[in-house]
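Beneath this line is the structure, given in structure tokens, with notes to follow.
Derivation of every value follows stated rules applied to the coordinates shown; laboratory data play no part. On a predicted model such as this, the values are computed, not experimentally measured, just so you know. Counting neighbours? That spans all protein chains shown, and the Cβs are built from the backbone with ideal geometry, glycine included.
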Amino acid sequence: MIDIESIVAMTTRFVQQNQTLAPAVVFGLAFGESLALISFFIPATVLLLAIGALIEASGLHFFPIWLAAASGAALGDAISYWLGFHYKDRAKTFWPLSRRPDLVARAEDFFQRFGVWGIAIGRFFGPIRAVVPLVAGILAMRQTHFQVANVASAAVWAFAMLAPGAAVFKLMGY
């Protein structure tokens, strides 16, 4: 069985050895992290923080990697919204959500409480991160409101995932 440390080591080694693919890898991680139903299986937060450290340590350029992370996250949430909007309550019966009705209920409560701000705030809260956009679609939130919150929060989230690692290496003088 592969543990999280092995996954981080393999991924960072791959990015370091294939720097031109770094934006594509980061896009895929952020997309998977934000896509309902898939996000449960991808340890993207840890991987993105580790790749953030590689940005400074390996001389990678921050902007294309940040843009890839923001784009992947925004697209993942947009598709999650579409799934909810298209399938409505049936989306709650899809695996693995069908095994976590508590998570869906928490996301619904969160969304009802915060509305459009819930899209932006929810991006930063672990397990409900990818379920909130799905719920927004199920509850037929206006797409323009959703997309503004989605894109803006994706940009901030991507920065929050990548910048700390890059900053630590810079501060340590590496």
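A few remarks follow.
- The chain: angle of helix 62-87 to the longest principal axis, Cα-based, in degrees nearest 10: 20
- Whole-Hz ³J(HN,Hα) from phi, Karplus 6.51 cos²θ - 1.76 cosθ + 1.60, for the stretch 141-158, glycine and proline x: 4, 4, 4, 4, 5, 4, 5, 4, 5, 4, 5, 4, 6, 5, 5, 5, 4, 4
- Cα-based shape type of the chain, given that a ≥ b ≥ c are square roots of the gyration tensor eigenvalues and the cut on a/c is 1.5: prolate
- Burial ordering of Phe41, Phe85, Phe94, fewest other beta-carbon atoms within 10 Å first: Phe41, Phe94, Phe85
- Computed from Cα atoms, the angle from the helix 22-34 axis to the main principal axis of the chain rounds to 30 degrees.
- Between Trp117 and Ala140, the modelled labels are 2.6 nm apart [label points 7 Å from Cα along Cα→Cβ].
- Dipole of the chain [Lys/Arg +1, Asp/Glu -1 at C-beta], most positive-end residue of Ile51, Ala130, Trp82: Trp82
- Footprinting exposure proxy ranking of Glu56, Glu5, fewest other C-beta atoms within 10 angstrom first, gives Glu5, Glu56.
- Sequence-distant contacts, meaning Cα pairs under 8 Å at least 6 residues apart, place the relative contact order of the stretch 1-50 at 37 percent.
- Take every pair of alpha-carbon atoms less than 8 Å apart whose residues are at least six positions apart; their mean separation over the length of the stretch 1-110 yields a relative contact order of 30 percent.
- Dipole moment magnitude, nearest 20 debye, the chain about Cα centre, only Lys, Arg, Asp, Glu C-beta charged: 340
- What the Cβ-Cβ distance of Met10 and Arg100 gives, at R0 = 22 Å and to the nearest 0.05, is a FRET efficiency of 0.20.
- Against the chain, whose longest principal axis is taken from its Cα atoms, helix 101-114 shows a tilt of about 90°.
- Helical contribution to [θ] at 222 nm, DSSP H n ≥ 4, -39,500 (n - 2.57), averaged over the chain, rounded to 500: -23500 deg cm²/dmol
- Among Asp102, Asp77, a tally of other beta-carbon atoms within 10 Å of each Cβ gives an order, fewest to most, of Asp102, Asp77.
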